[in-house]
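Here is the structure we will look at, set down as structure tokens.
The values are calculated or read from the model by the stated rules, or taken from the named source; none is laboratory data. Since the structure is predicted, the reported quantities are computational estimates derived from the model, not experimental observations. Note that we place each Cβ from the backbone using ideal geometry, even for glycine, and neighbour counts take in every protein chain shown. We work out accessible area using only protein heavy atoms, side chains counted, and drop any ligands, DNA or RNA first. Shrake-Rupley method; radii C 1.70, N 1.55, O 1.52, S 1.80 Å.
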Amino acid sequence: MAKISLCMIVRDEEDTLERCLKSIVDCVDEIIIVDTGSVDKTKEIAEKFTDKIYDFHWIDDFSAARNFAFSKGTGDYLMWMDADDVFPEKEKQNFLNLKADLDKNPCHMVMMLYDAGFDEEGKAAFSYYRERLLRNCSLAKWVGCVHEVVVPFGDVRYEEIHFEHRKEKVEYSERNLMIYEKMLEQGRKFDAREWFYYGRELYYHGKYEKAAKVFRGFLADPDGWLENKLEASRFLSYSLAAAGKPEEAFDALLQGLKLAPPTGEHCCDIGKYFYGKEQWEQAIFWYENALRAERRTEQGAFVQEECYGYLPCIQLCVCYDRLGDRERASMYNEMAGVFKPHDEAVAHNRSYFAKK
């Protein structure tokens, strides 16, 4: 069976580290912990699981820290997790089967699903593939000071094995934005991917005009990755809407249609525009197309699951009701209930239809 080294970077993670390591310890052969400056009990917790604990002076560069952690791994494959990640019990046998198969069918990189958002029922609402296992070789290198990534190399394999990002800290940190701003002050030249993520950081911190400018520049860059461009067209729209420019925001969504067939997320965003204007037929067209749209998960897209089921259904319920088509409205409400059986809006709508 292939030997796997779990290589983690941590800092002040006493609230989540034990939960993380307990969830994965039975599946890996070695645990490497690299601490970047904890002042809490993080190291004490790590010592319950491994004696391979190292210090790394933080230099505002996530890739540097992760590459240092990888350099300590001795396994056939290197694996990463964040301290607020959890590996579900139900996925363990699939993971162990994969380990055994890698002996007979080795590869260079295994992409696995990362569930990074959850609905009120605990189901994954936001997922995407990440590089989870990497062959221990010179090509397994992280790049990017923030939102770091390993550029795909060699034979890449996709497995429907889920890791969960169960974030405990609800505040949105200034750290990433500060790192990007520092890089710019130092005269660092961003690549296309860095401009994309810089734009997102600006948007999340309420700097909408600046975010819109960055997203426009990114969309004009021929080196931008398609999935990032699809996302950027939507974030440009959000930025313009937040800056009080609704028509420019809508135009940004339409420009995004030139890039690729629309995703469920894109269809829902356009549907929302017409819904807000009470143009029910146009809204219906886009919400129904959201139900038909292809998930682009294996292309690396960020997938909001509700845009392919619950959200368009519950909105179609309202649209058809406004048009006086009670039968279709009720039908779409029941479809929404299939995706979220205990949803309050679905229950409310059932009562509403029952009284008519």
- [ ] At 0.36 nm per residue, minus the direct Cα-Cα distance, what do Glu209 and Arg175 gain on full extension? Give it in nm, one decimal, please.
- [x] 10.2 nm
Task: Heavy-atom surface of the chain, accessible at 1.4 Å and reported per residue (Å²) - done: 49 Å²
Task: Mean ellipticity per residue at 222 nm, deg cm²/dmol - from DSSP H runs of n ≥ 4 across the chain, formula -39500 (n - 2.57) - done: -14500 deg cm²/dmol
Task: 9 Å beta-carbon shell around Ile53, net charge (K/R +1, D/E -1) - done: -2
- [ ] Quantify how much of the Cα-Cα distance distribution of the stretch 1-124 extends past 26 Å, in percent.
- [x] 23 percent
- [ ] State to the nearest 20 debye the size of the charge dipole of the chain about its Cα centre, where the only charges are +1 on K and R beta carbons and -1 on D and E beta carbons.
- [x] 680 debye
Task: Calculated FRET efficiency for the pair Glu327/Val156, C-beta based, R₀ 45 Å, to 0.05 - done: 0.45
Open item on the list: Once neighbouring chains are kept in place and the probe is 1.4 Å, which whole percent of the accessible area of the stretch 9-151 is contributed by carbon and sulfur?
Closed with: 48 percent
Task: Relative contact order computed over the chain (Cα-Cα under 8 Å; 6+ residues apart), in percent - done: 12 percent
- [ ] Measure out, as a whole number of angstrom, how far apart the alpha-carbon centroids of the stretch 190-228 and the stretch 35-94 sit.
- [x] 30 Å
Task: Label-point separation, Glu281 to Glu120 (7 Å along Cα→Cβ), nm - done: 3.5 nm
- [ ] Quick one: net charge around Met178, please, counting Lys, Arg +1 and Asp, Glu -1 for every other residue with C-beta under 12 Å from its C-beta.
- [x] -3
- [ ] May I ask for the angle, rounded to the nearest 10°, between helix 192-204 and the longest principal axis of the chain, with both axes built from Cα atoms and the value confined to 0 to 90°?
- [x] 60 degrees
Open item on the list: Calculate the FRET efficiency for Asp61 and Asp223 from the Cβ-Cβ distance with a Förster distance of 25 Å, rounded to the nearest 0.05.
Closed with: 0.70
